[in-house]
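Worksheet: the structure to be examined is printed underneath.
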Amino acid sequence: MLWRLLLGMVLGYAAFKVYHKVKGSLSHKGKAPDAPPLGEPDTLVQDPMCRTFIPRREALKLSWDGKDYFFCSEGCLKRFRRVGPGASTDKEKS
Ligand SMILES: [Zn+2]
C-alpha cells in the first residue's frame, strides 16, 4: 500500500514541476531580456543612401547642415559625406 502513496506523491510532484515550468516560461515570454524598455520605443530611421530602415540606437549618426542623418553602415556614411544630401534621390525620382 505504501507504493501507491509514493506514486501519488511522485505524480503530484511531477505535475507541480510541469505547472511551474509552463508558468515560468509564460511569464518569461512577457519580458525578453533584450527587449527595449517600455516608454522608449525603438524608432526606425532611414538610411538616405541605401534606404534601409535601421533601429535608431544602432544607426550611425551624422549631423549635416544642422540636420541629423542616420546610416546603416560606415560605407553609407562615407558615401553620404562625399556626395551630400539629395544626391541619392536624383536617380530614383526622375
Ligand atoms: Zn546603408
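General observations
- Extending 7 Å from Cα along the Cβ direction at Ser73 and again at Glu58 yields two label points whose distance is 1.4 nm.
- Counted residue by residue at 0.36 nm each, then reduced by the alpha carbon distance between them, the extension gain from Tyr19 to Arg81 reaches 16.5 nm.
None of the figures in this text is laboratory data; all of them are computed from the coordinates on show. The structure displayed is predicted, hence computed values, not measured ones. Positions of Cβ are generated from backbone atoms using ideal geometry, with glycine treated the same way; all protein chains shown enter the neighbour counts.
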